Amino acid sequence: MDWYMMNCELLATCSALGYLEGDVYHREPDCLESVKDLIRYLRHEDETRDVRQQLGAAQILQNDLLPILVQYHEDKVLFDAVIRLMVNLTQPALLCFGKVPADATSRHHFLQVLSYLQAYKEAFASEKVFVVLSEKLYNLLQLDWEQRQEEDTLLIERILLLVRNVLHVPPDPTEEQGVDGDASVHDRVLWALHISGMDDLLKFLASAQVEQQWALHVLEIISLMFRDQSPEELAALGQGTAGAEHGEDTRELEALRQRELAEKRARALQRPSRHSRFGGSYVLQGLKSIGDRDLVFHKGLHNLKSYTHDLGKEPRRVPRHRQATPESEPWRRSARNVRLFLRHFCQDFLEGCYNRLMLLVKDQLVREKAQQHDETYYLWATAFFMAFNRCHGFRPELVSETVGVRAFHFIEQNLTTYYEMALMDKKEATTWARRMHLALKAYQELLRTVQEMDRSPEQAVRDSSQVIKSNIFYLMEYRELFLALFRKFDETKQPRSFLRDLVETAHLFLRMLERFCRGRANLVVQSKRVRRKKKKPRVAAVPPPPSAAELEQLWEGLAPQLQACLEGEVPLPEDVVPFDAASETPVEEQRAEALLRIQECLRDSHVPQALRLLRSAREVWPEGDVFGAADAGPPEETRLLREILVAPLPRQAPAEPEELEEEEEEDEEEEQTVQVSEKEFNFLDYLKRFACAPVVRALVLLLRGYARNSPRTNHCAARLLHRLARDLHMEPLLFQLSLFALFHRLLSDPAAAAHQELVALAKFILGKFFALAATNKKAFVELLFWKSPAAVCEMTKGYSSLQEGEGTTRSRVPPWSPQEEQELRELYWKYKEVEGGDIIAAILAHLPTAGRTRKQVVKQLVRMGLASSAKDFPRERKGTRIVLWTEEQEEELTRLFEEFQDSDDVLGNIMKHLTARRSRARVVEKLLGLGLVAERKELYKKRRRKSHGPGPGQAAKGVPAMPAQGSSGEDEDSEEEEEEEEDEAEEGPMEEHWVPEEGAGQELAQRLQQEGLAGPLRWLENCLRRVAGDREEDGVSHPVPLVPLTEENEDAMEDRRFQTLLRQLGLRPPASEQESFWRIPAALTPQQLRRVAASIAHRGPSGSSQDLPEPLRCPQEPAPAEPLPAGLGSDSESEEPVPVPVPSPVQPRSKRRRELASEDEDEDGEGSGTEAAPAAPCSEEDEEDEDPQLRGRRKRVRCLEEEEEED
């Protein structure tokens, strides 16, 4: 669209404003209405800002609005309307579009609006316009607050906004290409503002008691006035003769002239004395060309030094996301008269306005009365005016408001906030980096002001500086700030000027801290340590389920009410819906929720709702007759409701709404605790924190532009490198190829005489390198890498000098060799496609290298890129879901029981032929509930007595041969015995027949002790002795699981050599996937257990056993008729463990034939895997008399039992 072709309505409105004849503007009668119409059009413009662009193309502001403002300022209504329109038209382009558009079309519109704003700014460079604005503002400020109307307050704000908008327009680099000292458009606007007296009005607004509401407006205008100025240059202006003022320029020109002369001399030396018409051709030996031959050089020898293989190649284009961030605005010097006016403004502002205005602005910022990011103007004013005061006489009382610990804290807070936001908000990282740069400059000026206070002749000022330094050096946040900024410096997000100020500020901070430490023998500072520990999401406590007696009593009370509902005497509710079709919950889960809702209604005595839910759910889920048959009558419904009431349905712990979202995002959350303490400060220890690759890399990056840097910047960077190399004796930290390339460029620079400090540093580092290379030939390879202090130590003292726990060798995990990685990769691809199996378990079973844990394998797979995270290998969760028994399932169970009740294994045969998958515990409960069996003993497996001859595992002395999975370890006497042995292949030979010999596993235990597994061996010994004592007191033997409660013991249980030791000692591995822990077999007698424990006991130098005393146990024993609590080795997810009665004390072999087939449940993979514990828990009185260590262990065991019960 051609913006010069205006819309007809817009054109008619602009024509109705008036016309300009010479210097006189004639307004039309409808001028006021036309201005209001333009305001209305701007309010309804589209996203391309079409109205704004058409008005800018027609130059309405230059040709109509400004003449109306100048000539008709007495017309109050028209003046107000014109001011409103001009404030809207001069609004910054960023506010119009929200941000700089990314697409080409929108960016074109953005740049077009920006060009019109630059034309507006040039039109405002008129004294007449600012004289009118100043007079109007002066008249409004003369009114007392009781005489000032709301329209007057709005007009004051609009005038200030108009001045702000005009000053905010950036310069046009294509139009303003003058040299320093020429008057730019911004300079002419400032001069018009000065001539009109607007600057005096701004100082009045900043200092007046009744004009506090304009504090932020005034500060923003002042910051835009001094946008292109340098405080140091303004302070030095007018302090000497004209020659002294231009001394800086003279020195720069002299440096450039010296560089030019040095280059000319170098070229003269390279040129031969006699010109040769033929350059000649030369063969450069040792420098290969594209092929295998030496390079042929066709130019003169004086060009040989500048030869490189990259000559003639196109430079590689750097991607946009990796390009260095450009500087925000190029610095230029304004006209001299403008700088003089601004210098006087700074003096007057510091003497009469600074402290008061900064107090008001900070108060509004702290109380959050300002707009977002207005604190940047406060940070700029702090840095600018404190620098001006420091360079212009330095009077600390003029800036007392921003000198103090509170000012340091405020700036450090904002700097930290910007730093964190730059890391999180990646899209706006450049914007946050600019704000961070403002805060850093303010922090630097605070440090320089405190340093200047140290040199003050007044004792009170010096004492104040000591107090400030003692506070900021004491707190850890101020000391860690520079380390964080160095480590996260990114040249693609932060400009080079930020790095320059960061290096200068860090150098100043280190120098002040070093001098502060010199006069104090023992400096104590604050130290904070953050401890992170993972905690599980909070789950609300679940009330204990009611007992069977309580449920029976509740049912007796509900029966009459249910009978009344079934007979129709009590109406049923109609608004009960068991199924939500719009819900994202699966249908199966909604069916389980319907069962829970029915049970909750019954337990809350809401019988009508429960009955209505049952009938509605029967209509929704008729399949399987889970909620009864379609033609179920009142007796059937009564039976179903009673079963639902007493059924142990699985319940989820109620979680708070806020925690539900957290559980969806992550399973564990971190809890941070900050420990604050005090420690003695050592400056060299603090300086060692800077001895890292990010700091050295940033310093090298800054020194690459040493020719453009100021002498102070080069001095600060060189001094920091000198501290790291000389003070810390870490010269190899600077042995880096990019730094050496910089040194080579520096030493070959003709103007190197101007950088003597850098030249001295380069010679020092290069000398140290060649001295080290004489003894360490790997130093040349080390040039390719950035180094850490550990690498520096290895380079100087030897690559095996670090002890265990130091530097890079602190990890206890053995490294993976290339062969091991290849084997791991092959195993991963081999078992990845196997469905239904655990990949990590299969890899661990076939991994040749012993001692690897599951966690180590998972981490290595992630590190090799074969998996994205550890979540790709979840541990298998075991357990079965519980649903109600239908009538057909009950009939099937009855039929199967009648068919197999005379067999040796009734329960096993039923489980094999049962259609619906259920756990053994549920089948046992249902058989008892149907009255098919009177007690659990009737379901015990009837085992045949086997021969007492030695089995194959006892034929050879030493380690018994472990039978393969699924194979029999006994003699095959008959077919029945074969089937029986297949069921007990895992446990038969180990539990019943094989007895470990005396001293079994002693040699392997000694080797494991030498390899660092003494702790797990002591734990195993204590477990064996404790089980032996329990079996002597109880008189019965049950398999006892070995539950590792520490990470060290858990890693040991996964170690293959430790597992070999367990097999030698006669312990049984997990029989099936339902078991997770090794078990101490019931066949081992207390004497055998003590003999086995003695064989693995740690032997001292004299050969005596250094056994630990046997731990105490609770003397209480469970009553014979009471069920024992579930064992620690229970891995089942069943909701209710099967109680196991304690058998009478008989021989272990006869007891085995009478024992409930709880281990068979584990072998089948469907049972609960519940086992009886060897002892009952202790009471509180007994726990008080126990050993604290034993009481802590029992508490951990109790917590583990509670977690298993909740699962």
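For the reader, a short list of remarks on this structure follows.
- Residue count for the stretch 412-425, restricted to those that are open to solvent by less than 60 Å² (accessible area, probe 1.4 Å), over 13 Å from Leu440 (Cβ atoms) and either in contact (Cβ under 8 Å) with a residue 60 or more places away in the chain or among the acidic types (Asp, Glu) (or both): 1
- Look at the stretch 79-99: where a residue is over 15 Å from Val129 (Cα atoms) and of a type in the set (Phe, Trp, Tyr) and a partner is open to solvent by 10 Å² or more (accessible area, probe 1.4 Å) and in a helix (DSSP H, G or I), sitting 6+ places away or on another chain with Cβ atoms under 9 Å, you get Phe97/Ser106; Phe97/His109; Phe97/Phe110.
- Residue match in the stretch 1022-1039 (condition: at pLDDT 85 or above, part of a helix (DSSP H, G or I) and surrounded by fewer than 18 Cβ atoms within 10 Å (Cβ to Cβ)): yes
- Residue check, Lys299 assigned to a loop (DSSP other than H, G, I, E, B), modelled with pLDDT under 75, open to solvent by 70 Å² or more (accessible area, probe 1.4 Å) and charged (D, E, K, R): yes
- If the condition is being of a type in the set (Phe, Trp, Tyr) and under 18 Å from Glu452 (Cβ atoms), then the stretch 351-402 contributes Tyr354, Phe384, Phe385, Phe388, Phe394.
- Members of the stretch 67-76 found to be within 15 Å of Glu28 (Cα to Cα) and in a helix (DSSP H, G or I), listed by number: Pro67, Ile68, Leu69, Gln71
- Any chance Val318 is modelled with pLDDT of 80 or more, open to solvent by less than 100 Å² (accessible area, probe 1.4 Å) and in contact with an Asp or Glu (Cβ under 6 Å, 6 or more places away or on another chain): no
- Filter result for Val450 (open to solvent by 30 Å² or more (accessible area, probe 1.4 Å) and part of a helix (DSSP H, G or I)): no
- Answer residue from the stretch 839-879, given it is surrounded by fewer than 18 Cβ atoms within 10 Å (Cβ to Cβ) and closer than 30 Å to Val646 by Cβ and is modelled with the lowest pLDDT among those: Gly879
- Those residues of the stretch 501-512 which are surrounded by fewer than 20 Cβ atoms within 10 Å (Cβ to Cβ) and of a type in the set (A, V, I, L, M), in sequence order: Leu508, Leu510, Met512
- Residue list for the stretch 479-494, filter: of a type outside the set (Val, Ile, Thr) and surrounded by fewer than 18 Cβ atoms within 10 Å (Cβ to Cβ): Glu480, Leu483, Ala484, Arg487, Lys488, Asp490, Glu491
- Selection count where residues are more than 20 Å from Glu232 (Cα to Cα) and more than 27 Å from the chain's Cα centre (by Cα), scope the stretch 395-450: 6
- Residue ID - modelled with the highest pLDDT, chosen from residues in the stretch 909-922 that are surrounded by fewer than 20 Cβ atoms within 10 Å (Cβ to Cβ) and in a helix (DSSP H, G or I): Asn909
- Unique match (being touching a residue at least 60 places away in the same chain (Cβ under 8 Å) and open to solvent by 50 Å² or more (accessible area, probe 1.4 Å)) among Gln59, Gln53: Gln59
- One residue stands out in the stretch 457-478 among those that are in a loop (DSSP other than H, G, I, E, B) and open to solvent by 60 Å² or more (accessible area, probe 1.4 Å): the one that is nearest to Arg704 (Cα to Cα), namely Pro457.
- Phe498 meets each of the listed conditions (1) of a type in the set (Phe, Trp, Tyr); (2) open to solvent by 10 Å² or more (accessible area, probe 1.4 Å); (3) touching a residue at least 24 places away in the same chain (Cβ under 8 Å) apart from (2).
- Among the residues making up the stretch 118-148, those that are modelled with pLDDT under 90 and open to solvent by 90 Å² or more (accessible area, probe 1.4 Å) are Trp145, Glu146, Gln147.
- Look at the stretch 694-711: where a residue is assigned to a helix (DSSP H, G or I) and a partner is open to solvent by 60 Å² or more (accessible area, probe 1.4 Å) and not hydroxyl-bearing (Ser, Thr, Tyr), sitting 6+ places away or on another chain with Cβ atoms under 6 Å, you get Pro694/Arg487.
- Members of the stretch 28-66 that are in a helix (DSSP H, G or I) and of a type in the set (Asp, Glu): Glu33, Asp37, Asp50, Asp64
- Any hit, the stretch 345-360, residues being closer than 27 Å to Ala192 by Cα, open to solvent by less than 70 Å² (accessible area, probe 1.4 Å) and among the polar types (S, T, N, Q): yes
- Answer residue from the stretch 65-117, given it is within 28 Å of Glu33 (Cα to Cα) and acidic (Asp, Glu) and is least open to solvent (accessible area, probe 1.4 Å) among those: Asp80
- Filter result for Arg462 (under 23 Å from Phe516 (Cβ atoms) and free of Cβ contacts under 8 Å to residues at least 40 places away in the same chain): yes
- Of all residues in the stretch 383-411, those being open to solvent by less than 20 Å² (accessible area, probe 1.4 Å) and farther than 17 Å from Leu350 by Cα number 4.
- Looking only at residues of the stretch 535-570 that are modelled with pLDDT under 70 and in contact with an Asp or Glu (Cβ under 9 Å, 6 or more places away or on another chain), we find that the one that is farthest from Pro608 (Cα to Cα) is Lys535.
- Pick from the stretch 7-47, criterion basic (Lys, Arg) and within 60 Å of the chain's Cα centre (by Cα), ranking: nearest to Cys96 (Cα to Cα): Arg43
The values are calculated or read from the model by the stated rules, or taken from the named source; none is laboratory data. Because the structure is a prediction, the values reported are computed rather than measured. So basically every Cβ, Gly included, is an ideal-geometry build from the backbone, and we count neighbours across all protein chains shown. Heavy atoms of the whole protein, side chains included, go into the accessibility calculation; ligands, DNA and RNA do not. Shrake-Rupley method; radii C 1.70, N 1.55, O 1.52, S 1.80 Å.
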